[in-house]
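J.: For reference, the structure I am asking about is given below.
The values are calculated or read from the model by the stated rules, or taken from the named source; none is laboratory data. Since we're looking at a predicted model, the values are computed, not measured. Cβ sites come from the backbone with ideal geometry, for glycine too, and all protein chains shown count toward neighbours. The protein model used for the area step is the full one, side chains on, heavy atoms only, and it has no ligands, DNA or RNA in it. Shrake-Rupley method; radii C 1.70, N 1.55, O 1.52, S 1.80 Å.
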Amino acid sequence: MTDLPSVADVRADLPAILTRFRAGRTRAFSFGAGVPEAVVLTYDEFEDLGGESKFVVGAEVLEPGRLAGELAAVVAAARAGDGAPVVWGESGVPEAVVLSVAQYRHLRGDDEPPAGVVDDPTVRTYATQPLPDSRPFTVDEIAELMGPESVAELEKIRREGDNP
């Protein structure tokens, strides 16, 4: 993996990461020792994906300075498959979360990669090609699938379009 930040890179950059998250200039990203081992994401994303209901997280919000001192241990726990997501931010306000890549996959509802495949779930791509039996749908077919109310609404829209 190229350009993957190391634990030391992230540890040295924690306040700047929060600044970029606040400005919306950084999305979730992986870091580790040459391969993705942990993920940093905003607390808002964690919350939006139901993180509080999927994981047990501590009540304490770690300050960036404290997390910097504990980050190597957090990643070591993630590497071992142990540990819980760590919530951190400034002044006791939850702003970001560090969790293992497996926990991030679980949070998003992604499948685990096949054994032996190194996967960065923050940059995962998905096959988008149509299946062999795929075919295009017409607007009428989609309305029919949605029910009689949708068919009636489509007909109403068509009538309004005929009478400008």
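J.: Output the residues belonging to region 133-164 that are of a type outside the set (S, T, N, Q), open to solvent by 100 Å² or more (accessible area, probe 1.4 Å) and at pLDDT below 85.
T.: Across region 133-164, the qualifying residues are Asp162, Pro164.
J.: Please list, ordered by first then second residue, the pairs with beta carbon atoms under 6 Å, 6 or more apart or interchain, first in region 70-84 and aliphatic (A, V, I, L, M), second crowded, with 16+ Cβ neighbours inside 10 Å and assigned to a helix (DSSP H, G or I).
T.: Leu71/Val7; Leu71/Arg11; Ala72/Val7; Val75/Val7
J.: Now, a different point. If you go through region 100-110 one residue at a time, how many are modelled with pLDDT under 90 and part of a helix (DSSP H, G or I)?
T.: 0
J.: Moving on to the next point. Residues to consider are Ala115, Ala76; find the one that is over 17 Å from the mean Cα position of the chain (by Cα), over 22 Å from Gly24 (Cα atoms), in a helix (DSSP H, G or I) and not basic (Lys, Arg).
T.: Only one candidate qualifies: Ala76.
J.: Give the residue, chosen from Pro121, Pro130, Pro113, that is crowded, with 18+ Cβ neighbours inside 10 Å, out of contact with any Leu (no Cβ under 6 Å at 6 or more places or on another chain), at pLDDT below 90 and not aliphatic (A, V, I, L, M).
T.: Being crowded, with 18+ Cβ neighbours inside 10 Å, out of contact with any Leu (no Cβ under 6 Å at 6 or more places or on another chain), at pLDDT below 90 and not aliphatic (A, V, I, L, M) holds for just one of Pro121, Pro130, Pro113, which is Pro121.
J.: For region 78-97, indicate whether the set of residues that are open to solvent by less than 20 Å² (accessible area, probe 1.4 Å), over 27 Å from Gly116 (Cβ atoms), out of contact with any Phe, Trp or Tyr (no Cβ under 8 Å at 6 or more places or on another chain) and modelled with pLDDT of 95 or more is non-empty.
T.: Yes; the residues of region 78-97 include at least one that is open to solvent by less than 20 Å² (accessible area, probe 1.4 Å), over 27 Å from Gly116 (Cβ atoms), out of contact with any Phe, Trp or Tyr (no Cβ under 8 Å at 6 or more places or on another chain) and modelled with pLDDT of 95 or more.
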